[in-house]
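The values are calculated or read from the model by the stated rules, or taken from the named source; none is laboratory data. Given the structure is predicted, the values throughout are model-derived calculations rather than measurements. Heads up, the Cβs are rebuilt from the backbone with ideal geometry, glycines too, and the neighbour counts pull from every protein chain shown.
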Amino acid sequence: MAGALLRGHCEKLGLREAEVSPADTEALLDAIRPGLHVFVGEDRTASVEREIRIALGLQRRST
Amino acid sequence: MKRAAIDLPLVLLGAALLAIFIGQALWPDASLYRDVITATVRLYVGGVCKLSALVLGAYYGWRVAARFSPKNPSRRPWQALAVWLSTWSAGQACLGWYQWILAESTPFPSVADPFWVFGYLSMVVGFALLLRAYVSSGLAFGSGRGYAVLGGLVASAALLVGYVVLAPIVSAGGTPLELALNLAYPLLDLVALVPAALLMRITFQLRGGSVFRVWALLLGGFVAMAVGDVLYAYLTMLDVHAVDAVIDVSFIAGYGLAARGIYEQHRVSA
């Protein structure tokens, strides 16, 4: 996902990089999910979300 | 996402085809083209490349469509794009029947034309529906005014090119069916140019990513096809055949890039 688009959504949600909480991350994922569905489909969206959560330490790799 | 393993062979194949066809346009009387890569050989090579690209594009188009759920607004557009390449595959196969099996020049109009026309309509519908889906996705940043201005500019340019290209075709005459088809192909290209340009504008914001690569390839292919169509319609009417090889290259590149773009979407959504 291009950084500019993510930054745009962060701005819409009032998020700044230094202070993104798990709840903010979920809000951001909720915001981009419909778009991801349209561009890459539901299955790929789920795997992208999972990768993001793992990268941020919100989900373990095995779950 | 890693580059596909198929890319290097495709680039080498493209370079070889470019060298063959452009070389023929530059040195048509060279012994290489009289004795080895004859017109018949080029007809087979070009036809096989076009048909292969179209069939592969159609195959992956259907697979991409199947990756979106029935409620997903991208499913129908991808089905429409798969119909586009499927019907063009049938059209190209019809041309192959004349050229390879019957060993005669293709009549015009021919049994292939309904496939081309239906495919064009599917392509325009597919682009327009995908544009709607992408705009409503929430990821299409930018002002509505910006998109309207770009759409207006592209439509104006298309009208200008359409006037230059289509006016002489109208005055050239022919049977009503010939005239209708000669007008329809470049006209449908120009109509499709507007949603195609807007799709490019939307996905340009995703540049650097896989989705952008999909549309850069797909729309690059569309532009190459459109150039081939416009050149073919215009130069055939003027009975100019010196750049037929360039037109062939345009179509081969167009189908190849479109198929590669759809394959990229298949990888992205896998």
Exercise. What about B:Tyr134, is it within 14 Å of another protein chain (Cβ to nearest Cβ), of a type in the set (Phe, Trp, Tyr) and in a helix (DSSP H, G or I)?
Worked result: yes
Exercise. Could you say whether any residue in the stretch B:215-229 is surrounded by 21 or more Cβ atoms within 10 Å (Cβ to Cβ), within 14 Å of chain A (Cβ to nearest Cβ), more than 15 Å from B:Val164 (Cβ to Cβ) and not small (Gly, Ala, Ser)?
Worked result: yes
Exercise. Do we find a residue being within 14 Å of chain A (Cβ to nearest Cβ), over 16 Å from B:Ala258 (Cα atoms), loosely packed, with under 15 Cβ neighbours inside 10 Å and not small (Gly, Ala, Ser) anywhere in the stretch B:67-77?
Worked result: yes
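Every residue, every condition in (1) surrounded by 14 or more Cβ atoms within 10 Å (Cβ to Cβ); (2) outside any loop (DSSP other than H, G, I, E, B); (3) at pLDDT below 85, yes or no:
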site	(1), (2), (3)
B:Lys2	no, no, yes
B:Leu10	yes, yes, no
B:Ala19	no, yes, no
B:Asp29	no, no, no
B:Arg34	no, yes, no
B:Leu54	yes, yes, no
B:Ala58	yes, yes, no
B:Trp62	yes, yes, no
Problem set entry | Residues of the stretch B:73-98 satisfying the condition of being more than 21 Å from the chain's Cα centre (by Cα) and touching a residue at least 24 places away in the same chain (Cβ under 8 Å) | B:Pro73
Exercise. Do you know which residues across the stretch B:106-150 are at pLDDT 90 or above and of a type in the set (Gly, Ala, Ser)?
Worked result: B:Ser110, B:Ala112, B:Gly119, B:Ser122, B:Gly126, B:Ala128, B:Ala133
Exercise. Any idea which of B:Val165, B:Val154 is in a helix (DSSP H, G or I) and at pLDDT below 85?
Worked result: B:Val165
Seminar exercise, completed: Of (1) touching a Phe, Trp or Tyr at 6+ places or on another chain (Cβ under 8 Å); (2) over 21 Å from A:Gly35 (Cα atoms), B:Ser137 fails just (2)
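What tally of residues in the stretch B:49-66 results from selecting those that are free of Cβ contacts under 8 Å to residues at least 24 places away in the same chain, away from chain A (no Cβ under 11 Å) and more than 14 Å from the chain's Cα centre (by Cα)? Explain how you work it out, then say what you get.
Here is the first cut: in the stretch B:49-66, the residues free of Cβ contacts under 8 Å to residues at least 24 places away in the same chain are B:52, B:59, B:65-66.
If we keep only those that are away from chain A (no Cβ under 11 Å) too, we end up with B:52, B:59.
So of that shortlist, the ones also more than 14 Å from the chain's Cα centre (by Cα) come out as B:59.
Final tally of qualifying residues: 1.
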Exercise. Which one is nearest to the other protein chains (Cβ to nearest Cβ) among residues in the stretch B:194-214 that are hydrophobic (A, V, I, L, M, F, W, C) and within 15 Å of B:Trp84 (Cβ to Cβ)?
Worked result: B:Leu199
Problem set entry | Some residue of the stretch A:50-62 being within 13 Å of chain B (Cβ to nearest Cβ) and at pLDDT below 85 | no
Exercise. Is there a residue in the stretch B:248-270 that is crowded, with 19+ Cβ neighbours inside 10 Å, in contact (Cβ under 8 Å) with a residue 24 or more places away in the chain, within 14 Å of chain A (Cβ to nearest Cβ) and in a loop (DSSP other than H, G, I, E, B)?
Worked result: yes
